[in-house]
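> I'd like to ask some things about the structure below.
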Amino acid sequence: MIFDQLALIFIEYFDRAVAILLLVIFSLAVRFLLQFLGQRWITTTAHTTTLILLPILTYTITNVISGNIALSLGMVGALSIVRFRNPVRSPLELSVYFGAITMGIVASVSLKWLLFLAISVLFAVFILLLTHLYFKYFLKTSFFNASFSEGNSMSTLEIITIKEKGFLEDSEFLTIKRLIDKQYEYVLSSQNFESLKTIHSSLHNDEEVISFQLTK
């Protein structure tokens, strides 16, 4: 008798357990892909935990209020009281959170749609990653520009030389290269100040360098 009840409970909640497991796996996959793209903000405890919890919370709420109009209206009223004051620093961060919520909603409807959504998002991010690597290693430039308006703490190193510098052009930190009046201007940007400081130190005895400025 007890085993029959346990079996019924297992069958009833098996799909939900699988859905939650998939939500966690897909959330972690998005997190690691974004990290490979250089989005270091996603590696913090707050952002990683939020990315994992949002789909699960949305999935649970959607299942609880589904099929109950009165409960749905009550939940909408309760959520309208909540005010989220945490600023969203970039469109990407907003998209990530929206995608996490969407995964939770889709999972409550169909696991097939969850797989379709997750695979589509991961494929799109993976294509961006491959494009970034192609530009970096084959075209010797960056597919993405460093942004100072997305809440990232960026250090910069500005260098002016009379000749081209191959090691600067190959640097992963290079964001701008300009030729002005037969002088080459390089601008390197990074969240890692020590990396730029190392490059800065290596230029002190270079007679081809006209000027350089390191800003933290």
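No value in this document is a laboratory result; all are computed from the given coordinates. The shown structure was predicted, so the numbers you read here are calculated from the model rather than taken from an experiment. Please note: Cβ atoms are built from the backbone with ideal geometry, for glycine as well, and neighbour counts cover all protein chains shown.
> What does the charge count around Arg31 come to, taking other residues whose C-beta lies under 15 Å from its C-beta (Lys +1, Arg +1, Asp -1, Glu -1)? The partial results should precede the final answer.
Details: positive: Arg40; negative: Glu93.
Around Arg31, the charge tally is 0.
> State, to one decimal in nm, how far the label point of Leu57 lies from the label point of Glu208, with both points 7 Å from Cα in the Cβ direction.
The answer from the label model is 5.5 nm.
> Using 1/(1 + (r/R0)^6) with R0 = 35 angstrom and r between the beta carbons of Ser90 and Asp181, what's the FRET efficiency to the nearest 0.05?
Working from the Cβ atoms, E equals 0.45.
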